[in-house]
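The values are calculated or read from the model by the stated rules, or taken from the named source; none is laboratory data. Keep in mind it's a predicted model, so treat the numbers as computed, not measured. Here the Cβ positions follow ideal geometry from the backbone for every residue, glycine too, while neighbour counts run over all protein chains shown. In case anyone asks, the SASA skips ligands and DNA or RNA and just uses the protein heavy atoms, side chains included. Shrake-Rupley method; radii C 1.70, N 1.55, O 1.52, S 1.80 Å.
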Amino acid sequence: MQDQDVRCIGIDWGTSRFRAYALSATGAILKRHVSNAGVASVAGQPFESVFVRELGSWLEAHPTANVVASGMAGSRWGWVETRYLPCPVDLSSIASALERRIIGGRTIAFTPGLTRVARDGMPDVMRGEEVQVLGCLPDQGDGWYVLPGTHSKWVQLAAGQIVWFASFLSGELFDVLVQHSVLTQAGSPGARASSDGEAFSRGLDYARGADPESGGFLKRLFSTRSLVARGELSGAEAREYLSGLIIGSELREALASVPGGPPSRLTLIAAPELSARYAAAFGRAGVAAIEGPADAAASGHFAIARQAGLV
């Protein structure tokens, strides 16, 4: 591959994962790289060193390719802190709010984050998901977007502007509870259930149940432990049940709080396995979930690079 083939590099540097895309002059993905070198794993290492370690061969082969970096790379825990743009935010304004640095003879442009203050006075923040929403345009257009992950985001797009969003701790909570709590421990051995399996569906349904005796989220959460203790779930099944319970609770909270009432249709942007889980949950809730483009982040990076003159 010749040097001029790669015109820019997009980096989606999240909390737990590092994803990079080498892009052509038309936005085609020529190379991709994924690792576990998320911002949380950097642990005091110089970010530039991690950047070179992850993409050294690309940087050497394509010395003139500029970089657009989104996600937690621009947070106060990241490489270069960027500001938060207050909602509503026109997606076309992201390119004019980049923080640019010349590093190794190339421009690295860090995208801003977004913030919104709710009616109750509490702020919310987002970094990276807005670039993925941008990458869905113009095909998907205005409407609702759900981006599951470490921190699940629900985003409303109207007239090309992000006018509302909310964050849910779903992915991180699941990981913390599986790794550091007793909820799914001490079950009998069992094969891992699938996302449409009985245990996952049972968790979804219990989360959505309206019986007052079921209580709120904390009481329902302990049901995971109770079912394991009674021998009704194996350890593997308990993890599936917990996944369903958390995702179902997210949907219950979000659908009750979104402006204008629950949407009848939305776009899901997630890895295939996680997207399948959420699609199953939305199906049980009567909401049509359309799968978004697999490489929305790369498309968003290219749109920003082109608008900012970095291609």
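So, residue 6, is that one in contact with a Ser or Thr (Cβ under 9 Å, 6 or more places away or on another chain), open to solvent by less than 10 Å² (accessible area, probe 1.4 Å) and over 27 Å from residue 171 (Cα atoms) or not?
Against the criterion (in contact with a Ser or Thr (Cβ under 9 Å, 6 or more places away or on another chain), open to solvent by less than 10 Å² (accessible area, probe 1.4 Å) and over 27 Å from residue 171 (Cα atoms)), residue 6 qualifies.
If residue 109 satisfies every condition in (1) of a type outside the set (D, E, K, R); (2) open to solvent by 50 Å² or more (accessible area, probe 1.4 Å); (3) in a strand (DSSP E or B) but one, which is the exception?
(2)
Restricting attention to segment 74-87, which residues are out of contact with any Gly (no Cβ under 7 Å at 6 or more places or on another chain) and surrounded by fewer than 16 Cβ atoms within 10 Å (Cβ to Cβ)?
Selection gives 76, 77, 83, 86.
Could you tell me which numbered condition residue 197 fails, if it satisfies all but one of (1) among the small types (Gly, Ala, Ser); (2) at pLDDT below 95; (3) open to solvent by 30 Å² or more (accessible area, probe 1.4 Å)?
Among (1) among the small types (Gly, Ala, Ser); (2) at pLDDT below 95; (3) open to solvent by 30 Å² or more (accessible area, probe 1.4 Å), the lone unmet condition for residue 197 is (3).
Anything in segment 269-293 that is of a type in the set (A, V, I, L, M, F, W, C), open to solvent by 10 Å² or more (accessible area, probe 1.4 Å), closer than 19 Å to residue 242 by Cβ and touching a helix residue (DSSP H, G or I) at 6+ places or on another chain (Cβ under 6 Å)? List them, or say none.
Scanning segment 269-293 gives a single hit, 285.
Here's a check for you: in segment 208-221, which residue that is in contact (Cβ under 8 Å) with a residue 12 or more places away in the chain and open to solvent by 40 Å² or more (accessible area, probe 1.4 Å) is farthest from residue 282 (Cα to Cα)?
Residue satisfying both the conditions and the ranking: 217.
Can you go through 24, 49, 70 and tell me which one is farther than 21 Å from residue 308 by Cβ and among the small types (Gly, Ala, Ser)?
49
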